[in-house]
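The values are calculated or read from the model by the stated rules, or taken from the named source; none is laboratory data. Just so it is clear, the model here is predicted, and its values are computed rather than measured. Positions of Cβ are generated from backbone atoms using ideal geometry, with glycine treated the same way; all protein chains shown enter the neighbour counts.
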Amino acid sequence: MPDAILAPRDAAAPTREIQSVGIIGAGQMGNGIAHVCALAGLPVTVVDINPKALDKAVSTIHRNMERQISRKLIDAADRDAALARITTSTDMAAFANTDFVVEAATENEAIKREVFKALCPHLKPDAMLASNTSSISITRLGAATDRPARFIGMHFMNPVPVMKLVEVIRGIATDEPTYQAVNNLAHKLGKTTSTSEDFPAFIVNRILVPMINEAVYALYEGVGDIVSIDTGMKLGANHPMGPLELADFIGLDTCLSIMQVLHDGMSDSKYRACPLLVKYVEAGWYGRKTGKGFYDYSVDPPRPSR
């Protein structure tokens, strides 16, 4: 890999220690990150512009911890101590003394840039900043902040309390102490890390989402129906979920956004989003979160929507 794309790696620089975590966005990813950080013993502050979203996040964390208790993964004392470490606010000033803030807003670069513009004036000078983006350039996002050397990608997998992987992505300006601190934090959370350089969609989604897009093409072209495609990949490739079921779980809007990032960033026609995926998103059929995608979730078990 050409040295020109790599940030300087100063092995002698002191590693920073993250002792408190802030999270912007109380959605599915944000509450999952708060969940694992609080269980790991870290004070967590979650900020969202919507107070109802914050209430829902805390309720979701409580419910998911109850599931962990039922599976004997944690006990009631762990749950109570973790919940006591979580505070919520609608004001970014709540991050004033926080060591590390993770942005978990929607997968839209313009929105993320606006978040960072509003956030940075509230951070202490040595605070580190990360994006949970699943595809967008860390270098570009970092350049939109006042601290590109202390900016990094920390991409958690969904659902965060269950999935063991965190992708750590260095932008061109990310310094070594920030990388080491975030890598150490991921391990403290019980996660395994994979390190990706800053290319569109990084490692996991560069491989996974084009596979999903190809499954949508197979449906679009009439190669197979929804059930046949998903059954084929579950039983033929030993995947735990079929690609169309997985797309619904991820969110079809997110899948489309990642394909667009890949297409724009790589300028390669093999990353062209399937027109049928575009149509589903235009219809507002995003998958599980809207109740309808490739499957209709208003019935149990879900049935194919076409």
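Table for the structure above
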{"quantity": "Top-ranked residue in region 144-161 [being touching a Gly at 6+ places or on another chain (Cβ under 9 Å) and farther than 13 Å from ASP198 by Cα; ranked as surrounded by the fewest Cβ atoms within 10 Å (Cβ to Cβ)]", "calculated": "PRO159"}
{"quantity": "Number of positions in region 276-294 that are part of a helix (DSSP H, G or I) and either under 9 Å from VAL216 (Cβ atoms) or free of Cβ contacts under 8 Å to residues at least 12 places away in the same chain (or both)", "calculated": "6"}
{"quantity": "Lone qualifier among ASP80, ASP99, ASP91 - being in the same structural domain as THR45 (by TED's automatic domain parsing), in contact (Cβ under 8 Å) with a residue 60 or more places away in the chain, more than 22 Å from ASN205 (Cα to Cα) and out of contact with any helix residue (DSSP H, G or I) (no Cβ under 7 Å at 6 or more places or on another chain)", "calculated": "ASP99"}
{"quantity": "Enumeration of residues in region 142-189 that are among the acidic types (Asp, Glu) and within 19 Å of ALA104 (Cβ to Cβ)", "calculated": "GLU167"}
{"quantity": "Selection status of HIS155, of a type outside the set (Phe, Trp, Tyr) and closer than 28 Å to GLN260 by Cβ", "calculated": "yes"}
{"quantity": "Residue in region 206-214 that is crowded, with 20+ Cβ neighbours inside 10 Å, farther than 18 Å from LEU141 by Cα and in contact with a strand residue (DSSP E or B) (Cβ under 9 Å, 6 or more places away or on another chain) present", "calculated": "no"}
{"quantity": "Restricting region 218-263 to residues that are over 16 Å from the mean Cα position of the chain (by Cα) and touching a residue at least 60 places away in the same chain (Cβ under 8 Å), the residue that is surrounded by the most Cβ atoms within 10 Å (Cβ to Cβ)", "calculated": "LEU262"}
{"quantity": "Number of the exception - HIS263 against (1) modelled with pLDDT under 95; (2) under 30 Å from ILE111 (Cα atoms)", "calculated": "(1)"}
{"quantity": "Residues being small (Gly, Ala, Ser), at pLDDT 95 or above and under 18 Å from GLU107 (Cβ atoms) - total across region 27-56", "calculated": "3"}
